[in-house]
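Below is one structure; the comments refer to it alone.
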Amino acid sequence: IIVHASPEATNDFAQSCLAIESMTRDIYTPEVGEVLNVSAAINFYQVKLTDALVSSLKFSKLDDYNIAFINGKILFPPDYSLPILDVVQTDELNSSNHNPVFVGEVKLTELKRVLQSEGIVAEFKGEGILVCNEKVAVRKTSTGQLILEGFGSYRINLKEISYQNALEHAIKSGINVIDTSANFELGESEEVIGSVLENMFKKELVSREDLVVISKAGYFETSNIESLDNSFAKVSNNSAHSIAPEFLMGQINQSLKRLKLNKLDIFMLNNPERMMQAKNKLYSINNLYNDIKHAFHYLDSEVTRGRIKGYGICSNTMAKPDAIDHISLSTILERLPESSKQNFFAIQVPFNLFERDTIMEFQEYSLAQYAKVTYEQITNDLADEFQKLTQLETELNESLQKITNLIISYAYFNLLSMNNDLDSILSTISPSLLLDDDDESQLHNSSLSVKALRILLANSSVGCILVGMRNINYVNDSILALNLSDDDFLTVESLKDIYNCSLLQ
C-alpha cells in the first residue's frame with residue numbers, strides 16, 4: 001500500500017514494483033480519505049476436540065508452530081453448546097490421503113539454505129530465480145506459489161554430449177527449425193548447434209537449405225555494469241539490455257561465428273520490453289517503439305547485405321495487452337515503413353496449455369497482410385507467429401527427483417500429482433488425445449507432453465511450435481505429436497472444449 005507521496009511519484013513507484021516479475025500484483029495506491037479493505041475474508045469456527053482425536057494427530061514442526069492434518073466428524077450436542085470434533089473410523093473415510101497444500105510463506109533464501117545443506121548447488125540467477133545444480137529452476141509467483149521449471153533448449157551447453165545427440169536425432173527425424181540466442185549459456189548453445197551442423201553438412205546428412213536457423217539478441221550479462229554506455233538499459237547489477245544497431249551488429253557477428261554459418265534465416269529482437277526496467281535512465285514505451293523502428297532499419301541493411309533473411313521480435317508480453325510492459329504488434333506495424341514490412345515476418349511468444357493469449361490477441365492481424373506476400377511464401381519463411389512451448393515433463397532425472405522431494409517436504413508441493421490431474425482432465429475432455437496402448441511405438445513417450453503438443457499443433461493460425469528438445473525423449477515426443485496430428489487432427493470443437501474447460505483457466 002503506497003501512501004504519503006505525490007500522485008506522480010506514487011504512480012511511478014507502483015509501476016516500478018509491477019515491473020518486477022516476482023513482486024506481488026496486489027499493489028494499492030489509495031487517495032487521501034479513501035478507505036481500503038485488504039483483509040482476507042476468513043470464517044472462523046470454534047469446535048471442541050475430543051481426547052481421542054488429539055491423541056491420534058501427527059504434528060509437524062513449521063517455524064514456531066506445530067501443524068497436523070485432521071480426519072474427523074462433527075457432533076452437535078443437544079444442549080447447543082460448542083460442536084465436538086471427534087475421531088472418525090478409517091472405514092468411514094472415502095480416502096485417507098490429503099492433497100498437498102501450501103502453509104505459510106516459503107522464502108527462496110531459506111529454501112536455498114536447506115538445499116545447500118543437502119549438498120545441492122543452489123544459486124540465484126536473474127531476478128528471483130533459484131537455479132539448482134544447473135538443471136532445475138525454482139521461482140516464486142506473485143501469489144506465493146513455487147514453480148519448478150526443467151530447463152529447455154536454452155540450457156544447451158558444451159558439457160553434455162547428450163545435447164548434441166538430441167539435436168542430430170531431431171534433424172534426422174525431420175525437425176528443421178532450430179531456435180537459439182546469443183545469450184543462451186553465454187553463447188555455448190550456439191557453439192553446440194554450430195558443431196552439430198558442421199558435422200552433418202560434411203557427412204551430407206542434411207543441407208543448409210533444408211534448415212531454418214533462428215537466433216536473437218538483446219540480453220547482455222557483465223560483471224562491470226558501470227562500463228556500459230547509455231545505449232544500454234541497465235536492469236540489475238550485472239544485467240543489461242540493448243537493441244542499438246552497434247550492439248546488434250556485434251551480436252550477429254558472434255552468432256554467425258559460433259554457428260559456423262554465413263547467414264541466419266531469422267534474427268529476433270529478444271524481449272525488448274525488458275528495457276522499460278532501466279534503472280540508469282528514464283525509458284518510456286514511446287522510447288521503446290522508436291528504438292525498435294531504428295533497430296529494424298539497421299536490420300534491413302543486414303538483409304540487403306545477405307547475413308540475415310529476415311527479422312522479428314521475441315516477446316513475453318506482446319500477447320498480453322494488460323501487462324504493464326506490453327508491446328503492441330499493431331503499433332509496431334503502424335510505425336514501420338513500407339520498405340521494412342517485407343523483412344519483418346516473425347514473432348515469437350509464449351504459447352502452451354495455460355498461456356493462450358496469443359491466439360486471442362493476434363486473431364485480427366496477419367503479418368502476411370502487411371508484407372503483401374503469399375501465405376505459402378510466409379509459411380516457407382516461418383512467418384506469422386512463432387510460439388514458445390514450456391515443456392511439461394513427467395519423467396524427471398535423479399537430480400530433479402531429489403530436489404523435488406526436498407521441496408515437497410518443505411512446502412507440500414507435488415508436481416507429479418498436478419501433471420497426472422492435467423493428463424486425466426485432457427483425456428476426459430478430448431478422448432481422441434488418448435494414446436493407443438497396443439502400439440509399442442508410443443509406449444516410451446510421455447502421454448501428457450504429446451497431448452499438450454497436439455493441442456498446440458491444432459491451432460491453424462500458428463506457423464511453428466518451438467519445443468525444448470535437449471534430450472532424445474523430448475525429440476521423440478515431438479515427432480509422435482506431429483505424426484498423430486497429421487493422422488487425426490483435433491477438431492475445432494474439441495479445441496474449444498479444452499480451452500473452455502474451467503479447470504484449465
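The values are calculated or read from the model by the stated rules, or taken from the named source; none is laboratory data. Since the model is a prediction, treat every value here as computed from it, not as a measurement. Glycine gets a Cβ as well: all are built from the backbone with ideal geometry, and neighbour counts include every protein chain shown. With ligands, DNA and RNA removed, areas are computed over all heavy atoms of the protein, side chains included. Shrake-Rupley method; radii C 1.70, N 1.55, O 1.52, S 1.80 Å.
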Fill in: Hits in region 309-331 (condition: open to solvent by 10 Å² or more (accessible area, probe 1.4 Å) and over 24 Å from the mean Cα position of the chain (by Cα))
K309, T331
Worksheet, complete the sentence: Residue hits (region 447-493; part of a helix (DSSP H, G or I) and at pLDDT below 70) are S447, D486, D487, V492, E493
Discussion item. Considering only residues that are farther than 22 Å from N290 by Cα and among the basic types (K, R), which ones fall in region 225-265?
Written reply: K257, R258, K260, K263
Worksheet item: Do we have V138 as of a type in the set (A, V, I, L, M, F, W, C), touching a helix residue (DSSP H, G or I) at 6+ places or on another chain (Cβ under 6 Å), at pLDDT below 80 and open to solvent by less than 60 Å² (accessible area, probe 1.4 Å) here?
Response: no
Practice prompt. Please tell me if E273 is open to solvent by less than 50 Å² (accessible area, probe 1.4 Å) and under 27 Å from D12 (Cα atoms).
Written response: yes
Fill in: Any pair with Cβ under 9 angstrom, 6 or more apart, that starts in region 1-25 at a residue that is open to solvent by 80 Å² or more (accessible area, probe 1.4 Å) and ends at one that is of a type in the set (F, W, Y) and part of a loop (DSSP other than H, G, I, E, B)
I1/Y28
Item to complete: For T317, indicate whether it is modelled with pLDDT of 85 or more, of a type in the set (S, T, N, Q) and farther than 26 Å from V212 by Cα.
Response: no
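So that you can scan it fast, the table gives a plain yes or no per residue for (1) touching a strand residue (DSSP E or B) at 6+ places or on another chain (Cβ under 7 Å); (2) under 30 Å from Q348 (Cα atoms); (3) modelled with pLDDT of 70 or more; (4) open to solvent by 70 Å² or more (accessible area, probe 1.4 Å):
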site	(1), (2), (3), (4)
E118	no, no, yes, yes
A122	yes, no, yes, no
N133	no, yes, no, no
E168	no, yes, yes, no
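Results for (1) assigned to a loop (DSSP other than H, G, I, E, B); (2) in contact (Cβ under 8 Å) with a residue 60 or more places away in the chain, shown as yes or no for each residue.
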residue: E191; (1), (2): no, yes
residue: S195; (1), (2): no, yes
residue: M200; (1), (2): no, no
residue: E204; (1), (2): yes, no
residue: S236; (1), (2): yes, yes
residue: I243; (1), (2): yes, no
Discussion item. Restricting to region 204-230, name every residue that is under 28 Å from the mean Cα position of the chain (by Cα) and exposed (fewer than 14 other Cβ atoms within 10 Å of the Cβ).
Written reply: E221, S223
Worksheet item: What about S95, is it modelled with pLDDT under 80, within 21 Å of K48 (Cα to Cα), assigned to a loop (DSSP other than H, G, I, E, B) and of a type in the set (G, A, S)?
Response: no
Fill in: Identity of the residue in region 332-343, open to solvent by 30 Å² or more (accessible area, probe 1.4 Å) and modelled with pLDDT of 85 or more, that ends up nearest to S181 (Cα to Cα)
Q342
Item to complete: Provide a single number: the residues in region 473-483 that are open to solvent by 50 Å² or more (accessible area, probe 1.4 Å) and over 21 Å from the mean Cα position of the chain (by Cα).
Response: 2
Worksheet item: Do we have L53 as open to solvent by less than 100 Å² (accessible area, probe 1.4 Å), modelled with pLDDT of 85 or more and farther than 26 Å from Y283 by Cα here?
Response: yes
Item to complete: For S60, state whether it is modelled with pLDDT of 75 or more, under 41 Å from the mean Cα position of the chain (by Cα) and surrounded by 11 or more Cβ atoms within 10 Å (Cβ to Cβ).
Response: yes
